[in-house]
Each structure stands twice: as C-alpha cells, then as structure tokens.
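Working notes for the structure below.
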C-alpha cells in the first residue's frame, strides 16, 4: 500500500478526558433518561426548562458522546441521509417541508445551546455544499435546488463552470449551496453540555450500563433506580431494550482526519472559505475543515455499510479515501493521521423512530435519528410530549408505520439486506 495507514483512534477523544461520575447507590427520580448522546442530553435540558423542580437524571453505559453522537463528523445541517427532495417526493410539499422544519429546529437548538451555555466545541459556521460527481447526478442536484427555492429557502446552484469559486476541484459537475449550517466536534459538545447540565442540578452517571429494565425499575451493575417516567435515547441500541427490534438497524461509516494543513492548502481546497461538503454517490463521501487546520473526510462501501460487525481499521476504506482525495485534488498532498468507524442508527426510510412501550407504562423511546440535528430535535420532542402533550409527529415517526420492506419479507431477506435494499430503492428503482 503506497499510502501510510492512519492511527486507529477517534481523534475527538484525544482532545478531552471526561470526568466520570458512576452510580453508587439506589436512587429515585421523576424522570430517568437512558443514553447520554445528543438526544438524551437535549431531552434532559428541555425537561429542566419545563420544570426546574423535576428530578431528572441521565445514565450512560459509556461516556456522554461515547457512541454515535460523539464519533460523528459534526455536520449540523438538516441534510443528513435525506434531502428536502426526498421528503417532498415521499410526503408532498406541505408535509415534506414540515418534516424538514423539524430537522432545522434541531440545527437551531444546537446553535442556541452552544451560544447560551458558551460550549467549547469547535463551533464553525460553514455553508453546506451538496455536490455532483456526474452529470446525471447534477440533474438531481438541480432538482434539490429548485425545490428549496420553491419552498422559500435560500439556496444557490453552481454549474461546473462556476463551481471553482467555492471548491478547488475540476472533477465535480455542479452543486447546491445552503446557508444556516455549521460544524462542531460533537464529542466535545456532549461533554461540555454534560458538565453544564450537572451544574444545573441534573446528575449524570456514566459507565453505568443498564442490565435490566422492568419499569419503574432500572437495574445497573450494583444498584437500582426507580423512576416515574423512563426515556430510552439509545439510537441503534433500541433493539437491545426490545424496542423497535425490526425497525432499527445501523449503517457503518468511517472517518479520518488529516495532518494539519498549511493555510494556502486550505484556500486551494476551499477558495470561497471552508464548507461542509458531501457528494452525490449512494454511499457518499463527505469532508470539511476541523480544529487544528485538519481536513476531516468520511467514506464507506457497500461491504461495510450494512455489515453486522464493526470494522475498526479498513485498509480498503483508507485506500478509498486517499484515492478520492487524489482524484478530486490531484495537486494537493494529504496525509491521514487518525481513522475510526462510526455506526449510526437508521430506519428503513431514514426517518426517526419514536414510540411508547406497549407493556411498561410511561416508558418512551426514540432512535434512528440519522444526523445530529434530528437527534437533538427528537430529544426535545420527547420532552415536549411528556410535559406538554405534543403529538404532531407521532404518526410520521411511529415505529408502526409502513416501510419499504415489511416484517415478513425482512425475515426472509435478513435484516442487513432488507435495510440495504430499502435505502437503495430510491436510487435504482
């Protein structure tokens, strides 16, 4: 292999050592949230705003941000696995826009939390650039631009001949640019928000895995918690709690960060200023600048995206990343320093999952929020549901909704294949 292998470690973890508090006694709370990622933390923050006297706690099996939330690329944009076009084609213009606004509310909630709590998480305002690899893909890009403009959003369309203003590559066919987005280091966000919530009086117990859930009781390694209401915010791990077992799976991607880049190199890659970029491939590549003047890149392949087991270091994906960067930016030498996998929870139509346990009263769950803004909005929605009776997205996000491949077919095809086929239907059928 002609390219050096990066170090297999989550780069974000090298930037902060968490201070951990474990559960060390039996306790009683009004509300317990299981899961200290984006959804769980935002849910706790929202609950406390409803009633400062509510006794709410979070328990987390690892550390806050130790799962999908903290390993992510930190793209804070409503476009994650779904473009606005996807939502409009599936639900119509009115409903599609309403769902899109739900994701955008997560963007603004994260922004507001950073500003109000002064979170140190490498907050960087960066426009989004959805970019076409082929001329056929450019048609889809132009369609996305048209629907954004039609529904009242600010968006700019670049053709191949004008794209050089914003991206230093001649190997793309066009792009649509959106404003109002930004990047963060999500692990730092989760840890900083954790510390801020603790100062607000919310106890957060890390390294406290749930061994048994039998509402109103939660049993951990050595202690038991009793709670009037329990909220499960564990993303792809919902099936471990026997929630949405058929409806939630994972998609595996890989991230890497480069060695620090000279300023002139960054300007050559982003002549119009740093942006958050993702391309038009079904299993797409994406990149942006992060702290330390490093380029972050994400990629995967069909082999790994739906694999049952996590792959820590894949030489094939490392090679794919280097090859991609060399093709797009042939005169810019880049060395990847760190590399790690990330598994996000997904449903078969990429919309999130919410529900209430049919047997255990007052047990709520949410997951498959593919994208940090979706997860943030889901956490707040669940708090709104419990304390304000909110229900406007119950049907849209219900785990009982109709999916491209139903239960009977999934039993025959297997779960990985069912999810792979469901996600490929729009592209190929």
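The values are calculated or read from the model by the stated rules, or taken from the named source; none is laboratory data. Here the structure is a predicted model, which means the values were calculated and not measured. Cβ sites come from the backbone with ideal geometry, for glycine too, and all protein chains shown count toward neighbours.
Here's the yes/no breakdown for (1) surrounded by 15 or more Cβ atoms within 10 Å (Cβ to Cβ); (2) at pLDDT 95 or above; (3) on the phi > 0 side of the Ramachandran plot:
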site	(1), (2), (3)
271	no, yes, no
295	yes, yes, no
298	yes, yes, no
306	yes, no, no
315	no, no, no
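Does residue 200 fit the bill of being in contact (Cβ under 8 Å) with a residue 12 or more places away in the chain, assigned by TED's automatic domain parsing to the domain that holds residue 402 and out of contact with any strand residue (DSSP E or B) (no Cβ under 8 Å at 6 or more places or on another chain)?
Working: in contact (Cβ under 8 Å) with a residue 12 or more places away in the chain: yes; assigned by TED's automatic domain parsing to the domain that holds residue 402: yes; out of contact with any strand residue (DSSP E or B) (no Cβ under 8 Å at 6 or more places or on another chain): yes.
When the stated conditions are applied, residue 200 passes them.
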Open item on the list: Could you check the stretch 1-32 and list, in sequence order, the residues that are surrounded by 16 or more Cβ atoms within 10 Å (Cβ to Cβ), in contact with a strand residue (DSSP E or B) (Cβ under 8 Å, 6 or more places away or on another chain) and under 30 Å from residue 322 (Cα atoms)?
Closed with: 3, 6, 10, 11
TODO: Provide a single number: the residues in the stretch 214-235 that are assigned to a strand (DSSP E or B) and buried (at least 18 other Cβ atoms within 10 Å of the Cβ).
DONE: 7
Open item on the list: Of everything in the stretch 290-330, what is in contact (Cβ under 8 Å) with a residue 60 or more places away in the chain and within 16 Å of residue 168 (Cβ to Cβ)? Give them in sequence order.
Closed with: 327, 328, 329
TODO: Check the stretch 51-69 and report whether any residue there is surrounded by fewer than 23 Cβ atoms within 10 Å (Cβ to Cβ) and assigned to a helix (DSSP H, G or I).
DONE: no
Open item on the list: For the stretch 257-278, give me the residue count where each residue is closer than 29 Å to residue 85 by Cβ and touching a helix residue (DSSP H, G or I) at 6+ places or on another chain (Cβ under 8 Å).
Closed with: 3
Task: Filter pass, residue 60 being closer than 25 Å to residue 342 by Cβ, touching a strand residue (DSSP E or B) at 6+ places or on another chain (Cβ under 9 Å) and modelled with pLDDT under 95 - done: no
Task: Subset of the stretch 33-50 that is crowded, with 24+ Cβ neighbours inside 10 Å and assigned to a helix (DSSP H, G or I) - its residue that is farthest from the chain's Cα centre (by Cα) - done: 47
- [ ] For the stretch 378-419, name all the residues that are under 19 Å from residue 31 (Cβ atoms) and buried (at least 16 other Cβ atoms within 10 Å of the Cβ).
- [x] 378, 379, 380, 381, 382, 383, 384, 385, 386, 387
TODO: Keeping to the stretch 358-391, report how many residues are within 22 Å of the chain's Cα centre (by Cα) and either more than 25 Å from residue 228 (Cα to Cα) or part of a loop (DSSP other than H, G, I, E, B) (or both).
DONE: 7
- [ ] Would you check if residue 82 is in a loop (DSSP other than H, G, I, E, B), under 20 Å from residue 39 (Cβ atoms) and more than 17 Å from the chain's Cα centre (by Cα)?
- [x] no
TODO: Just one of (1) part of a helix (DSSP H, G or I); (2) closer than 16 Å to residue 84 by Cα; (3) assigned by TED's automatic domain parsing to the domain that holds residue 173 trips up residue 136, so point out which.
DONE: (2)
